[in-house]
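Novice: Provided herewith is a single structure, encoded as structure tokens, for subsequent inquiry.
The values are calculated or read from the model by the stated rules, or taken from the named source; none is laboratory data. Here the structure is a predicted model, which means the values were calculated and not measured. A quick note on method: Cβ atoms are made from the backbone with ideal geometry, for glycine too, and the neighbour counts reach across all protein chains shown.
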Amino acid sequence: MTDTERLPLIGMTLDDLGGVCAHGGMPRFVAKQLAQWLYDKKVTSFDEMANISKKNREWLAANYVIGRKKPASSVRSADGTVKYLFNVGPGRNIESVYIPDKERATLCVSSQVGCKMNCYFCATGKLGFKANLSAAQIMNQILSIPPAPGKGGEAMNPLTNVVFMGMGEPLDNWKEVSKVLEIMTAPWGMAWSPKRITVSTVGHIGNLKELLDKTQVHVAVSVHSADPAQRESMMPAQKAFPLQSVMRLLSGYDFSHQRRLSLEYIMWRGVNDDIAHANQLVKLIGNLPVRVNLIRYHAIPGIDLRPCSEERMTMFRNVLNSHGITATIRASRGEDVQAACGMLAGRQESRSDR
Ligand code: SF4
């Protein structure tokens, strides 16, 4: 078998690994050992799996690959943010963004190559949809970043948080994303608390319900306008997934304790940044315990939208705060290397700095 014919093991759940073991005539407990090597110890070769017999390791290596792949390149922002580019097939690249912040380090992962949602303001949307990423390709981003420091290389903090806010709409690739969430939170996998994970969505209703029912991860909904007609002009997904229906669904869940619901609101000058827009958002939120993230827009060539002023953002935040809504203006990270919100386009020109 060639490398491309052998299936990757990362991205497999414990049940999937049980199937692998059954196929190779290995006892079921080997599946747990495999999961530990892949997701806890994060090994990159079968030889490192010391408690699995040589015979079984050889069979695994003949039939499967681990699936770990280093980033093809990376580029570091002046603020310490690092954008990584992974090749995921002929002519297909995706990006992941590492965002250090004191003792925290958040990774923004991609779930698709391109995106079907075609949001007017987004560089990824302009690519159109190319492919869903497999669970292995999503897991590879999480397991391979930050890369181990090379000779004299600077050590980077291990990941404390993962946000599904990179390229693609995660709930449009729910089958693979749900596997990744299981692997990240299961005791046999990475054993992360779901509070360390946020899934961002335009409000893909059917799969959002599954995410809410089957996981405890935080949820972020991209709102950007509380006015249905204006939102539809910026986000065609509003037609299939009206915000009002999304909010109705969300109101049936408890976000007052451990689980967090955020609403993302990118602010554009003269478009969605006046008092009337703020009041519409207040009305939409009603009594839902949400936090609103006001996001500075990063101008993208060819798109006639401009960021709004600091004063406008502060005014908007104050209106929300005066109604008892927690709202913050998000610090912008990685804009100089096109790593900020809405700027990911999987371009090959990222230069390697490692
Ligand atoms: S903003 Fe998100 S959902 Fe919209 S096109 Fe970009 S990647 Fe897709």
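Novice: Going through the stretch 56-82 one residue at a time, which ones are out of contact with any Phe, Trp or Tyr (no Cβ under 8 Å at 6 or more places or on another chain), on the phi < 0 side of the Ramachandran plot and not in a helix (DSSP H, G or I)?
Specialist: Y64, V65, R68, K70, V75, R76, S77, A78, D79, listed by residue number.
Novice: Please go through (1) β-branched (V, I, T); (2) touching a Pro at 6+ places or on another chain (Cβ under 9 Å); (3) within 16 Å of the ligand (Cβ to nearest atom) for V82 and return the number of the only condition it doesn't satisfy.
Specialist: Among (1) β-branched (V, I, T); (2) touching a Pro at 6+ places or on another chain (Cβ under 9 Å); (3) within 16 Å of the ligand (Cβ to nearest atom), the lone unmet condition for V82 is (3).
Novice: Okay, moving on. Scan the stretch 181-204 and tell me whether some residue there is within 16 Å of the ligand (Cβ to nearest atom), more than 24 Å from Y84 (Cα to Cα) and of a type in the set (G, A, S).
Specialist: The answer is yes; a qualifying residue exists.
Novice: Please go through the stretch 65-91 and pick out each residue that is in contact with a helix residue (DSSP H, G or I) (Cβ under 7 Å, 6 or more places away or on another chain) and aromatic (F, W, Y).
Specialist: Within the stretch 65-91, just F86 meets the criteria.
Novice: Here is a further query. Quick one: is L14 in contact with a Phe, Trp or Tyr (Cβ under 6 Å, 6 or more places away or on another chain), outside the structural domain of V88 (by TED's automatic domain parsing) and in contact (Cβ under 8 Å) with a residue 24 or more places away in the chain?
Specialist: yes
Novice: Cβ-Cβ below 8 Å, separation at least six or inter-chain, first residue in the stretch 198-211 and modelled with pLDDT of 95 or more, second crowded, with 19+ Cβ neighbours inside 10 Å and charged (D, E, K, R): which pairs?
Specialist: From residues that are modelled with pLDDT of 95 or more, the pairs are S200/E264; T201/E169; V202/E169; H204/E169; H204/D172; N207/D172.
Novice: Could you run through the stretch 106-129 and say how many residues are part of a strand (DSSP E or B) and either surrounded by fewer than 19 Cβ atoms within 10 Å (Cβ to Cβ) or within 12 Å of the ligand (Cβ to nearest atom) (or both)?
Specialist: Qualifying residue count, the stretch 106-129: 5.
Novice: So R196 clears everything in (1) farther than 25 Å from I295 by Cβ; (2) touching a strand residue (DSSP E or B) at 6+ places or on another chain (Cβ under 7 Å) except one condition, right? Which one?
Specialist: (1)
Novice: Output the residues belonging to the stretch 256-290 that are among the charged types (D, E, K, R) and over 24 Å from L208 (Cβ atoms).
Specialist: Result: R269, D273, D274.
Novice: Still on this structure: Specify the residue that is surrounded by the fewest Cβ atoms within 10 Å (Cβ to Cβ); the eligible residues are those in the stretch 319-350 that are in a loop (DSSP other than H, G, I, E, B) and at pLDDT 95 or above.
Specialist: Applying the filter and picking the extreme gives G324.
Novice: Give the residues of the stretch 161-177 that are within 13 Å of the ligand (Cβ to nearest atom) and in a strand (DSSP E or B), sorted by residue number.
Specialist: V163, F164
Novice: Given E176, E232, which one is under 22 Å from the mean Cα position of the chain (by Cα) and charged (D, E, K, R)?
Specialist: E176
Novice: Could I ask something else about it? Name every residue in the stretch 87-105 that is within 16 Å of the ligand (Cβ to nearest atom) and assigned to a strand (DSSP E or B), in order of residue number.
Specialist: Residues satisfying the conditions are N93, I94, E95, S96, V97.
Novice: Could you please find all residues in the stretch 130-141 being surrounded by 21 or more Cβ atoms within 10 Å (Cβ to Cβ) and either away from the ligand (no atom under 14 Å from the Cβ) or part of a strand (DSSP E or B) (or both)?
Specialist: A135, A136, Q137, I138, M139, N140, Q141
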